[in-house]
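For reference, the structure discussed in these notes is given below.
FYI, it's all coordinate maths here, none of it is from the lab. Since the model is a prediction, treat every value here as computed from it, not as a measurement. Because the Cβ atoms are built from the backbone with ideal geometry, glycine has one as well, and the counts that use them run over all protein chains shown.
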Amino acid sequence: MIKPLLTTEERFSEIGDQSVFSVTPGIDAETALTKASNLLSTITGSIELAGMGTPLEGNQAWMVLHSLESAKAVIDALWATLQFDSPDPVEA
């Protein structure tokens, strides 16, 4: 039987030596990746406009940063549960 891919706890958004947020362990991969995709979708337009020369203004920059940190934490929480035959997956 194949073990389901679930999230591990992944803390992020550090302030000093504490984390304000974390990914909850035990979330199935489909749900977690859907949430990460949705977070990234919310910032696509802002990043595209910034690439064309329109600066990110005030709260918009914080929203982009928080969305990126959140999506990265979800992906890292899934990545931590993957197992590979090779000790170094890059070399596999």
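Remarks
- Counting Lys and Arg as +1 and Asp and Glu as -1 over every other residue whose Cβ lies under 10 Å from the Cβ of Phe21, the net charge comes to -2.
- For the pair Ala29 and Ser41 in one chain, pulling the backbone fully straight at 0.36 nm per residue adds 2.5 nm over the alpha carbon distance.
- Looking at segment 46-82, the GluC sites (Glu not before Pro) that sit in a DSSP loop and have at most 13 other Cβ atoms within 10 Å of their own Cβ are Glu57.
- GNM remark for the chain: springs join alpha carbons under 10 Å apart, and the peak mean-square fluctuation among Ala61, Ala36, Ala77 falls on Ala61.
- Over the chain - Rg/Rh using Cα atoms and the Kirkwood inverse-distance radius: 1.07
- Helix-only mean residue ellipticity at 222 nm for the chain, each DSSP H run of n ≥ 4 adding -39500 (n - 2.57), per residue, nearest 500: -17000 deg cm²/dmol
- Once the Cα atoms are used to define both axes, helix 29-51 deviates from the longest principal axis of the chain by about 30 degrees.
- Relative to the longest principal axis of the Cα atoms of the chain, the long axis of helix 58-79 makes an angle of roughly 10 degrees.
- Relative contact order, percent, segment 10-79 [alpha-carbon distance under 8 Å, six or more residues apart]: 44
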